[in-house]
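Have a look at the structure below before the remarks.
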């Protein structure tokens, strides 16, 4: 009997410990809150592919951009280059993946950890571009993103190259792969490259890009003024950007060549494709002979790119149609040489469209590749190409 009080004390102690343990489990200590992510207004990524003949021209554009003195405007300008920094005007390209942040005070600051992460990556693959963009987005999050691609270009056509050229790896980017591997929605994609404003290219990018800015013509590495163009990209003034490009181009070259730059709004392009497909199915083709050379040509090698607006107007003849490529072009500017102002001058809409060159030995291969593009599937291209290819040849 004398042991009972001690036993009761032990019971009370055990009960208290159990209750205390339960209390701890039901009320865990709060985890520390993560630091808030501060978003910049825009992160612009300049993607320079210069392991080719454009090596010095692209680096010159980088130096132009680095000289921009701007206030703390809430924007990030990142520059990727796939070559070592030139040591002299005579130096040749050597591959090296580099990423810089332009601080707005004239400095190019290497981004920590980038070179080690990407030193063995081929930058002319769309997969690598996507990984580099993801790296940039995670390091410099923003409300919107823009991409500038500076290199060789030839539109969608696979018999030549599409965008980018790497003399070491022999790699180039295909447009379908590019559209698939862009990791975020872009406010704009500015092509600093030749022939990229194909309707096929723009349409393929519509689910990833709000505005595609480019040329249907060849673009020259000389005469480019990226320090003047960047402010228009950051402010969303795409029509003014096109006018500024033509202004600087004209100042450098005069009227020695015809040249057009345009910004195309992708938000309405799907509706445009549906309406044009219905018209191709409903109305007759007014073209009597298949002769791509009768249009405004933007040829690359054996590929025919012709003016989209001029093709539609010629195909339907005098039929009044309420489908206009002009409705998609938010800004356009052109200069013309004297010999380009003949019958063809009513074109130059800022957008080009592909027609097969039946004299090309790769004609069937090109046509099969073309069928993979969303434009072919959605716009009625199967209808108009079938009709055109049955016409007498010029």
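The values are calculated or read from the model by the stated rules, or taken from the named source; none is laboratory data. Treat the numbers as computed from the prediction; the structure is a model and nothing was measured. Every residue, glycine as well, gets a Cβ built from its backbone with ideal geometry; the counts of neighbours run over all protein chains shown.
Here are 71, 95, 5: which of them is out of contact with any strand residue (DSSP E or B) (no Cβ under 7 Å at 6 or more places or on another chain), on the phi < 0 side of the Ramachandran plot and at pLDDT 60 or above? Before the answer, list the steps.
Numbers: 95 fails: out of contact with any strand residue (DSSP E or B) (no Cβ under 7 Å at 6 or more places or on another chain); 5 fails: at pLDDT 60 or above.
Exactly one residue qualifies, and that residue is 71.
Determine if region 263-283 includes at least one residue that is part of a helix (DSSP H, G or I), assigned by TED's automatic domain parsing to the domain that holds residue 191, touching a residue at least 24 places away in the same chain (Cβ under 8 Å) and farther than 17 Å from residue 209 by Cβ.
No: region 263-283 contains no residue that is part of a helix (DSSP H, G or I), assigned by TED's automatic domain parsing to the domain that holds residue 191, touching a residue at least 24 places away in the same chain (Cβ under 8 Å) and farther than 17 Å from residue 209 by Cβ.
Taking residue 326 and the conditions (1) surrounded by fewer than 13 Cβ atoms within 10 Å (Cβ to Cβ); (2) in a loop (DSSP other than H, G, I, E, B); (3) modelled with pLDDT of 65 or more, which numbered condition does it fall short on, given that it satisfies the others?
So residue 326 meets the others, but not (2).
Residue 47 versus (1) closer than 19 Å to residue 231 by Cα; (2) over 22 Å from the mean Cα position of the chain (by Cα); (3) surrounded by 19 or more Cβ atoms within 10 Å (Cβ to Cβ): which is the lone unmet condition?
Going through the list (1) closer than 19 Å to residue 231 by Cα; (2) over 22 Å from the mean Cα position of the chain (by Cα); (3) surrounded by 19 or more Cβ atoms within 10 Å (Cβ to Cβ), residue 47 breaks only (2).
Go through region 349-383 and report how many residues are surrounded by 15 or more Cβ atoms within 10 Å (Cβ to Cβ) and closer than 26 Å to residue 263 by Cβ.
Of the residues in region 349-383, 16 are surrounded by 15 or more Cβ atoms within 10 Å (Cβ to Cβ) and closer than 26 Å to residue 263 by Cβ.
Restricting attention to region 228-260, report how many residues are outside any helix (DSSP H, G or I), farther than 20 Å from residue 329 by Cα and out of contact with any strand residue (DSSP E or B) (no Cβ under 7 Å at 6 or more places or on another chain).
Final tally of qualifying residues: 3.
Can you list the strands (runs of 3 or more DSSP E) lying wholly within region 108-227 that have 1 or more residues being assigned by TED's automatic domain parsing to the domain that holds residue 264 and touching a residue at least 60 places away in the same chain (Cβ under 8 Å)? Spell out how you get there, then give the answer.
Values: elements: 108-110, 142-150, 186-192, 209-214.
Correct list: 142-150, 186-192, 209-214.
For residue 25, only one of the following conditions fails: (1) assigned to a strand (DSSP E or B); (2) at pLDDT below 60. What is its number?
(1)
Determine, yes or no, whether residue 130 is surrounded by fewer than 20 Cβ atoms within 10 Å (Cβ to Cβ), within 30 Å of residue 73 (Cα to Cα) and touching a helix residue (DSSP H, G or I) at 6+ places or on another chain (Cβ under 6 Å).
Working: surrounded by fewer than 20 Cβ atoms within 10 Å (Cβ to Cβ): yes; within 30 Å of residue 73 (Cα to Cα): yes; touching a helix residue (DSSP H, G or I) at 6+ places or on another chain (Cβ under 6 Å): yes.
Here the answer is yes, as residue 130 does meet what is asked.
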